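Here it is: the structure, laid out below.
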Amino acid sequence: MTITVVLIIIFIVFAVLFVGMLSRPQQVNTFSGIDFRTELLDQSALQKREDYLTKMDSRHRTISIVLLVFMVIAFSSPVVYAWFDTLHYKGILDKESYDIRIRDNNLMMGGMLGMCVLFFFMISLVKRKMIQGYKSVILSLSQKDFEKMLDINQSMNGVDRFTMSPPFILSQYGLHVFKLGRVLAFLWADVTEFKMTSAPRGGYFIRMKVRGKLYFFTISDHTMLNTLEAECRQRGITIVS
């Protein structure tokens, strides 16, 4: 069994586990079944929200195209190199050895193409679930909370601001955290503790205690961290140092 086949098998196993992890419930909601939005939105408010989501979709499509081009180049480079290296030995190796190298190159080309498609599918699946989560939360916000979200998003780092993907959204009644295609939804009244620690490679680990249960997520932007911590202080949530 060649190293290429081994790598393909390992990648397929990883992909199956990854898809299984994403198949879990999309939203972890500590106040399921409660709809706090009683405000009826007028047509202009709904249109503004739809425009925001359309713009988000457009930017994520652009990112997907760029990512696909990059992945094709990255995955095809070893194959192209191997082909040119093999052609160099034409006439030097005997026919049987040369045919074996050609067969190995074809196998590697198929394996690389398969891994590229599978990897892109996995990323697309995460992005699709992530966008669905954002749409669900944004469409449920009151107009005041939506405008607040727009103001907070202006302080995000360049990448998050371009993708229009905040790590969390604050509302009058709760907190929505976006975590690898999932949404953690907490009622403010149920949150009792907030703790932040610095991550080894930048960013911050957040631990929140909700109804006695601990939840963990990360925030990469310091300004967004300050926004969340200030909101917790305002809500009377205990800040653990």
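How much net charge surrounds residue 194 when only other residues with a Cβ under 12 Å from its Cβ are counted (Lys, Arg +1; Asp, Glu -1)? Kindly include the intermediate steps, with their values, before the conclusion.
Working: positive: 195, 207, 209, 233, 235; negative: 193, 229, 231.
Once all neighbours under 12 Å are counted, the net charge is +2.
What is the Cα centroid distance between region 135-166 and region 62-91, reported in whole angstrom?
If we compute the Cα centre of each part, the gap is 38 Å.
Now a separate question. Under a point-charge model restricted to the Cβ atoms of Lys and Arg (+1) and Asp and Glu (-1), what is the dipole moment magnitude of region 144-199 relative to its Cα centre, in debye to the nearest 20?
140
Next question. Provide the per residue accessible area, probe 1.4 Å, for region 77-224, rounded to a whole number of square angstrom.
Each residue of region 77-224 exposes 54 Å² on average to a 1.4 Å probe.
Could you pull out every one of the aspartates and glutamates with an alpha carbon less than 13 Å from that of residue 127, ignoring same-chain neighbours closer than 8 positions?
Filter leaves 57.
I want the local charge near residue 168. Using Cβ-Cβ distances under 13 Å, sum +1 for each Lys or Arg and -1 for each Asp or Glu among the other residues.
So the environment of residue 168 carries a net charge of -2.
For the charge dipole of region 131-189, defined by +1 on Lys and Arg C-beta atoms and -1 on Asp and Glu C-beta atoms about the Cα centroid, which residue among 181, 163, 146 has the Cα displaced farthest towards the positive pole?
181
Given the pairs 144/179; 55/195; 148/209; 55/209; 55/213, which are separated by over 31 angstrom at their Cα positions?
Listed pairs above 31 Å: 55/195; 55/209; 55/213.
Output the peptides 218-226, 165-173 sorted from most to least packed, where packing is the average of other Cβ atoms within 10 Å over each peptide's residues.
Highest to lowest by the protection proxy: 165-173, 218-226.
What's the ranking of 112-123, 174-185, 128-139 by average number of surrounding C-beta atoms within 10 Å, highest first?
174-185, 128-139, 112-123
The values are calculated or read from the model by the stated rules, or taken from the named source; none is laboratory data. In this text, all values refer to a predicted model and were calculated from it rather than measured experimentally. Cβ: placed from backbone, ideal geometry, glycine included. Neighbour counts: every protein chain shown. The accessibility values were calculated without ligands, DNA or RNA, using every heavy atom of the protein model including side chains. Shrake-Rupley method; radii C 1.70, N 1.55, O 1.52, S 1.80 Å.
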